[in-house]
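Enquirer: Before anything else, here's the structure in question.
Nothing in this text is a laboratory measurement; each read-out follows from the coordinates by a stated rule. Keep in mind the model is a prediction, meaning the values are calculated, not measured. A quick note on method: Cβ atoms are made from the backbone with ideal geometry, for glycine too, and the neighbour counts reach across all protein chains shown.
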Amino acid sequence: MMSSDNKNPAPPAAARPALRTLIVDDEALARARLRTLLGDCRAPAAVVIAEAGDGAAALKQLDGVPPLDLVLLDIHMPGLDGVELARVLHQREHGPAVIFVTAHAAHAVTAFELDAVDYLTKPVRGERLQQALQKAERSLKERRAALGAAPVVESLLIHDRGRAERIPLPEVLYLRSEHKYITVRTATRTLIMDGALSDLEARHADRFVRVHRNTLVARAAIRALDRHDDGQDGEAGWALRLAGLGEPIPVSRRMLPAVREAFREQP
């Protein structure tokens, strides 16, 4: 006969979501050790989404995947080091929590000035890493509660001469593939970024429409679709006029039906 204490067992606690994590360290063995240690962590657990060997590669990883919860970050790396990467992440309202993992204790003060949730020195012990994950989880909950339902503004990450800048997508009028780069045009600026136009089209199909094999245009910026003679082939074609931009944007014949549809959908 069962004991009366077991008649109404308490329901299991709700599963705590794993922290989606990026490991950044220029030493492959150090990344492998962290991945192993994370595999043993629970409450919260962590799942490694990506790895990077330097700060620049880490920024590309962060820009190429859905928002992450946590970055485990070494300090001394070639190029963009851990401190500079943390400065970039510190500017992001919805950026990931940062835990420094380094062989050097000299940067601890700087780390906490940048709101790092913890500072671990190598070799990292599993128990200490678990404690750091708990701090990261608490920090993320507090930040997200403070932000409430504030919308996340999507952006493009632009690297220029060792400096990283985020351009809000609502400011982008068009994206044009030119040689190995993409021109990003706003009403006031022209910037250059690495990447593939097809990737941006797939990721932001609700925001941009392809008007030419090398050009995506912001749907919200479309103001008129006009006949246009570029003086090259002797036959008038079509071009878009965009809000905040004086130059017409040529539309290829193949893309014309999709552009007309996008224009009809404009409020």
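Enquirer: Under a crude label model (7 Å from the Cα following the beta-carbon direction), how far is E154 from R213 in nanometres?
Expert: 2.6 nm
Enquirer: Quick one: if the Förster radius is 22 Å, what FRET efficiency do S252 and A187 give, using the C-beta to C-beta distance and rounding to 0.05?
Expert: Efficiency for this residue pair is about 0.35.
Enquirer: Next up: How large is Rg/Rh for segment 135-218, to two decimals, with Cα atoms and a Kirkwood Rh?
Expert: Using only Cα positions, Rg/Rh for segment 135-218 is 1.08.
Enquirer: With +1 on each Lys and Arg Cβ and -1 on each Asp and Glu Cβ, and nothing else charged, work out how big the dipole of segment 173-253 is about its Cα centre, in Debye to the nearest 20. List each step's numbers first, then the result.
Expert: Details: 13 positive and 11 negative charges, 65 e Å.
I would put it at about 320 debye.
Enquirer: Separate question: Remind me, relative contact order of the chain in percent, using alpha carbon pairs under 8 angstrom and six or more residues apart?
Expert: 10 percent.
Enquirer: State, to one decimal in nm, how far the label point of E261 lies from the label point of V47, with both points 7 Å from Cα in the Cβ direction.
Expert: Distance between label points: 3.3 nm.
Enquirer: If you project the alpha carbons of segment 68-180 onto the principal axes, what extent comes out on each, in Å, largest first?
Expert: 49, 37, 22
Enquirer: Still on this structure: Between 0 and 90 degrees, rounded to the nearest ten: what's the tilt of helix 55-64 against the longest Cα principal axis of the chain?
Expert: Helix 55-64 and the main axis of the chain meet at about 70 degrees.
Enquirer: Assign one of three labels to segment 171-264, namely rounded, prolate or oblate, based on the Cα gyration tensor with a ≥ b ≥ c the square roots of its eigenvalues; rounded applies when a/c is under 1.5, prolate when it is not and a/b is larger than b/c, and oblate otherwise.
Expert: rounded
Enquirer: How many nm is it between the label spots at H76 and H104, if each spot is 7 Å from the Cα in line with the beta carbon?
Expert: My value for the distance between the label points is 0.6 nm.
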